[in-house]
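Novice: Before I ask anything, let me first share the structure, which is written out below as structure tokens.
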Amino acid sequence: MTELEKELGEQVRRDYKAVKYFPFGNNSGAPFILTSDPFSYLQAWLDSKINGIKKDRGKKRKLYIKAKYFAELGEGFHISSKQARMPAKGTMIYYSLINLVKAYLLVNGYDLETKTEHHGLSLPSNKKLNLKLANINDSGVSIFHEFSKVIGVEIKNVDGNEIKLDEILRELPEVHEIGYALDLFPNTKRKFLPIELIIRTNSTRKRIYYTLAYEKKFDKIMKTDKLTKGIFKNKLEPIECKSDSSKKYYKSKLVFNYTNNSDTSHKMAYKKICADIKDLRITPMITRNGYRNYLNLEPSRMHRLSATLAFAYYIGTVARYRPTLNQEILKGKYQSIIQEAVNSCPNQFFYLMTSYITNQICAIPMAKIE
């Protein structure tokens, strides 16, 4: 045991594997599913679900069959997008994302095709950088609204029925740094704080909690004082760590008893820990070396994946209906950040959505070579 572990507690383990936080509804200590093709894995997983249901009294099998259809459709648009150039590429990306979203809704019990479905967003002809949220009523299904609800951050029209492109882009961690390098978000500070999040236990392995840490250098470029306010203040308390002076540490106020050698206790403890962490709006980013976590210091009204879907809708709609605006956007100040988002956001979306749909941790194999 290291000095840091003696001071803060050791990392919780299950079957000799470190127990880490993920927002996917996975089990405690679940293994990584390494796949270089999340679409193929998702379709194989859906096949296993379809074949495992013999008597479909609850129509679950029917929903899985539809989900597989949309997953295959999403893959088809993704393949087409890789062969296309902007602006056509933007349209293909949007259709690949929204079809994966439909698969996610179906797996979560939404029986699509029963009502008129609409995107839930529009780009008014008199607007250039503002998307409009569709009105919600019982006559149709807004895919964007229902997705935001199920993914955990419901977007409501009462907060304003327009979403600015700047708001969308600032909610994408993949392009966060380039946005600030290009001075696209004036009068704001960077908000995605790289953190180390560890689920820990005390020396007797009878109590469970979590700690959050970040490097002190970020105090100068981010509003880290927010960690002492609002939701952060309610859930975290600062602690002194003598064995590591380069970071600032926080401990969860949630601490409860558990039985280390009990499967039932582990599952219950992990579920409670994940529920507590979820409200902090921690954003996972997948890399070839595993997942990295970022704390959103100024979360907007959108989940990060909702923002990705809104971005794809914007570039796809501009491509289809607004040739003059397309020229302005692709040649103007947003050119570099849009190109970066087009290159990096879809793959993140595919892996994360596959993890959410399957309740497993999908990751990129280190052996994958681009």
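Novice: From 200, 190, grab the single residue that is under 24 Å from the mean Cα position of the chain (by Cα) and under 30 Å from residue 329 (Cα atoms).
Specialist: Numbers: 200 fails: under 30 Å from residue 329 (Cα atoms).
Step by step, each of 200, 190 is checked, and only 190 is under 24 Å from the mean Cα position of the chain (by Cα) and under 30 Å from residue 329 (Cα atoms).
Novice: Residues of the range 313-366 being in contact (Cβ under 8 Å) with a residue 60 or more places away in the chain and assigned to a loop (DSSP other than H, G, I, E, B), which ones?
Specialist: If the condition is that a residue be in contact (Cβ under 8 Å) with a residue 60 or more places away in the chain and assigned to a loop (DSSP other than H, G, I, E, B), then 322, 333, 334, 359, 360, 364, 365, 366 are the ones that fit.
Novice: Scan the range 261-269 and tell me whether some residue there is under 20 Å from the mean Cα position of the chain (by Cα), among the aliphatic types (A, V, I, L, M) and not in a loop (DSSP other than H, G, I, E, B). Reasoning before the result, please.
Specialist: Initial filter on the range 261-269 (under 20 Å from the mean Cα position of the chain (by Cα)): none.
Looking for residues that are under 20 Å from the mean Cα position of the chain (by Cα), among the aliphatic types (A, V, I, L, M) and not in a loop (DSSP other than H, G, I, E, B), one finds none in the range 261-269, hence no.
Novice: I need the helices (runs of 4 or more DSSP H) fully contained in the range 1-94, keeping only those with at least 2 residues that are under 22 Å from the mean Cα position of the chain (by Cα) and in the same structural domain as residue 121 (by TED's automatic domain parsing). Write out each step before concluding.
Specialist: On the way: elements: 3-8, 38-52, 60-83.
Fully inside the range 1-94 and qualifying: 38-52, 60-83.
Novice: Which count do you get for residues in the range 256-313 that are hydrophobic (A, V, I, L, M, F, W, C) and farther than 30 Å from residue 91 by Cβ?
Specialist: If we filter the range 256-313 for residues that are hydrophobic (A, V, I, L, M, F, W, C), which is where we start, we get 256, 268-269, 273-275, 277, 280, 282, 285-286, 295, 297, 302, 305, 307, 309-312.
From the residues that got through so far, the ones that are farther than 30 Å from residue 91 by Cβ too are 256, 268-269, 273-275, 277, 280, 282, 295, 297.
Summing the residues that are hydrophobic (A, V, I, L, M, F, W, C) and farther than 30 Å from residue 91 by Cβ in the range 256-313 gives 11.
Novice: Pick out the one residue from 292, 304 that is among the charged types (D, E, K, R), surrounded by 14 or more Cβ atoms within 10 Å (Cβ to Cβ) and closer than 22 Å to residue 34 by Cα. Steps first, please.
Specialist: On the way: 304 fails: closer than 22 Å to residue 34 by Cα.
Residue meeting the stated conditions: 292.
Novice: Within the range 244-295, count every residue that is of a type in the set (Val, Ile, Thr) and closer than 30 Å to residue 365 by Cβ. Walk me through it before giving the result.
Specialist: Going residue by residue through the range 244-295, those that are of a type in the set (Val, Ile, Thr) are 255, 259, 264, 273, 277, 282-283, 286-287.
Still in the list and also closer than 30 Å to residue 365 by Cβ: 273, 277, 282-283, 286-287.
Number satisfying all stated conditions: 6.
Novice: Related question: Among (1) at pLDDT 95 or above; (2) under 25 Å from residue 321 (Cα atoms), there is one condition residue 87 misses while meeting the rest; what is its number?
Specialist: Result: residue 87 fails condition (1) only.
Novice: Within the range 190-246, which strands (runs of 3 or more DSSP E) (wholly inside it) include 3 or more residues that are touching a residue at least 24 places away in the same chain (Cβ under 8 Å), hydroxyl-bearing (Ser, Thr, Tyr) and not assigned by TED's automatic domain parsing to the domain that holds residue 177? Outline the logic, then answer.
Specialist: Numbers: elements: 192-201, 207-215, 236-239.
In the range 190-246, 207-215 are the strands (runs of 3 or more DSSP E) which contain 3 or more residues that are touching a residue at least 24 places away in the same chain (Cβ under 8 Å), hydroxyl-bearing (Ser, Thr, Tyr) and not assigned by TED's automatic domain parsing to the domain that holds residue 177.
Novice: Here is a follow-up. Considering only the range 95-133, state which residues are touching a residue at least 60 places away in the same chain (Cβ under 8 Å), of a type in the set (A, V, I, L, M, F, W, C) and not in a strand (DSSP E or B).
Specialist: 97, 98, 100, 101, 103, 107, 123 - these are the residues of the range 95-133 that are touching a residue at least 60 places away in the same chain (Cβ under 8 Å), of a type in the set (A, V, I, L, M, F, W, C) and not in a strand (DSSP E or B).
Novice: Inside the range 341-368, can you point out the residues that are surrounded by fewer than 18 Cβ atoms within 10 Å (Cβ to Cβ) and either of a type outside the set (Ser, Thr, Tyr) or farther than 24 Å from residue 22 by Cβ (or both)?
Specialist: If we filter the range 341-368 for residues that are surrounded by fewer than 18 Cβ atoms within 10 Å (Cβ to Cβ), which is where we start, we get 343-344, 347, 359, 365-368.
Result: 343, 347, 359, 365, 366, 367, 368.
The values are calculated or read from the model by the stated rules, or taken from the named source; none is laboratory data. What you are looking at is a predicted structure, and each value in this text was computed from that prediction instead of being measured. Because the Cβ atoms are built from the backbone with ideal geometry, glycine has one as well, and the counts that use them run over all protein chains shown.
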